[in-house]
């Protein structure tokens, strides 16, 4: 048996329970890991609350969690890892657990902590996917809304490393943190488009919205073309002719090894705000839904 966080009905964080579950067995190409860290993503909270019920109907009881890092404990036929290997990846059947299955494990470099390794998976692949969807290239200018958030932070770092000029919007308390990423910073609030124009007088070529803060109309005006704007957070995207990038099928693509390499080289990092024991997953959800965090929340089984 394994201990895991499950829920059997949609609702507030209190529906999350620590329970005994059957120890998962790896299938062909899979490995089972003893989980050392599992990151908490906004998707987890949407799934738990029922906001995703139409698109991703739950089969109760559900074990939450997408991202995991840990030590290989069992290996399925043809899996690209061995018992004892330290790996990270996307969990099949949930990661808020003592044990989890990974379809395509990626080796964890010794330079990465368990918390950093687990935090990198979804946010890193999301940032990289959207940069590719936008097609932004060296010498162009990218505006990142929510540059202090986890996805925005990674997107800014990846873009700067590619020679792209980055302008990042953030709240007052996060301006210096965004500036440290190599981005020009613009404070949120009334008048932000004028401040962006002042920060990027040459023009804004593309916009990546991670905030969902109702900035799409002005972002399209800045670029002059709705196809140059992508959001991962604003469900009104279609009204503005903007792509809403969900891309869950991309999570098992080939981008994770590249992200891990960049993280090991110190070129990409994800801020880890706080760690919680597995049993305190409900508190982690409560804290994130109250926007208390400044970085990723990570569960330590």
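Any chance you could count how many residues in region 128-146 are in contact (Cβ under 8 Å) with a residue 60 or more places away in the chain and either within 17 Å of the chain's Cα centre (by Cα) or closer than 21 Å to residue 66 by Cβ (or both)?
8
Take the residues in region 245-270 that are crowded, with 17+ Cβ neighbours inside 10 Å and touching a strand residue (DSSP E or B) at 6+ places or on another chain (Cβ under 7 Å); name whichever of them is modelled with the lowest pLDDT.
This residue is 251.
Could you tell me which numbered condition residue 209 fails, if it satisfies all but one of (1) surrounded by 15 or more Cβ atoms within 10 Å (Cβ to Cβ); (2) farther than 20 Å from residue 270 by Cα; (3) touching a residue at least 40 places away in the same chain (Cβ under 8 Å)?
For residue 209, the failing item is (2).
For region 1-11, which positions are free of Cβ contacts under 8 Å to residues at least 40 places away in the same chain and more than 29 Å from residue 76 (Cβ to Cβ)?
Across region 1-11, the qualifying residue is only 11.
Please indicate, with yes or no, whether at least one residue in region 283-291 is assigned to a helix (DSSP H, G or I), out of contact with any strand residue (DSSP E or B) (no Cβ under 9 Å at 6 or more places or on another chain) and over 17 Å from residue 147 (Cβ atoms).
yes
Please indicate, with yes or no, whether at least one residue in region 91-112 is under 18 Å from the mean Cα position of the chain (by Cα) and over 24 Å from residue 23 (Cα atoms).
For region 91-112, residues under 18 Å from the mean Cα position of the chain (by Cα) and over 24 Å from residue 23 (Cα atoms): present.
Sort out which residues of region 128-152 are part of a loop (DSSP other than H, G, I, E, B) and surrounded by 21 or more Cβ atoms within 10 Å (Cβ to Cβ), and write them in order of number.
136, 146, 147, 148, 149
Residues to consider are 89, 94, 163; find the one that is in a loop (DSSP other than H, G, I, E, B) and farther than 30 Å from residue 202 by Cβ.
Matching residue, one of 89, 94, 163: 94.
Tell me, please, whether a residue that is modelled with pLDDT under 95, out of contact with any helix residue (DSSP H, G or I) (no Cβ under 8 Å at 6 or more places or on another chain) and in the same structural domain as residue 148 (by TED's automatic domain parsing) can be found in region 216-226.
no
Within region 198-205, is there a residue that is buried (at least 17 other Cβ atoms within 10 Å of the Cβ), out of contact with any helix residue (DSSP H, G or I) (no Cβ under 7 Å at 6 or more places or on another chain) and outside the structural domain of residue 101 (by TED's automatic domain parsing)?
So far as region 198-205 goes, yes, one or more of its residues are buried (at least 17 other Cβ atoms within 10 Å of the Cβ), out of contact with any helix residue (DSSP H, G or I) (no Cβ under 7 Å at 6 or more places or on another chain) and outside the structural domain of residue 101 (by TED's automatic domain parsing).
Here are the criteria: (1) within 27 Å of residue 271 (Cα to Cα); (2) surrounded by fewer than 21 Cβ atoms within 10 Å (Cβ to Cβ); (3) in contact (Cβ under 8 Å) with a residue 12 or more places away in the chain; (4) touching a strand residue (DSSP E or B) at 6+ places or on another chain (Cβ under 6 Å). Tell me which single one residue 179 does not satisfy.
Condition not satisfied by residue 179: (3).
Take the conditions under 21 Å from residue 234 (Cβ atoms) and crowded, with 21+ Cβ neighbours inside 10 Å and apply them to residue 220. Does it pass?
For residue 220, the condition - under 21 Å from residue 234 (Cβ atoms) and crowded, with 21+ Cβ neighbours inside 10 Å - is not met.
In the list 55, 68, 100, 83, which residue meets the criterion of being surrounded by fewer than 24 Cβ atoms within 10 Å (Cβ to Cβ) and modelled with pLDDT of 95 or more?
After ruling out the rest, the residue left standing is 83.
Among the listed residues 185, 121, which satisfies the condition of being in contact with a helix residue (DSSP H, G or I) (Cβ under 7 Å, 6 or more places away or on another chain), modelled with pLDDT of 95 or more and in a strand (DSSP E or B)?
Going through 185, 121 in turn, the sole match is 185.
The values are calculated or read from the model by the stated rules, or taken from the named source; none is laboratory data. Keep in mind that what you see is a predicted model, and the values were worked out from it rather than measured. Don't worry about glycine lacking a Cβ; one is built from the backbone with ideal geometry, like all the others, and counts go over all protein chains shown.
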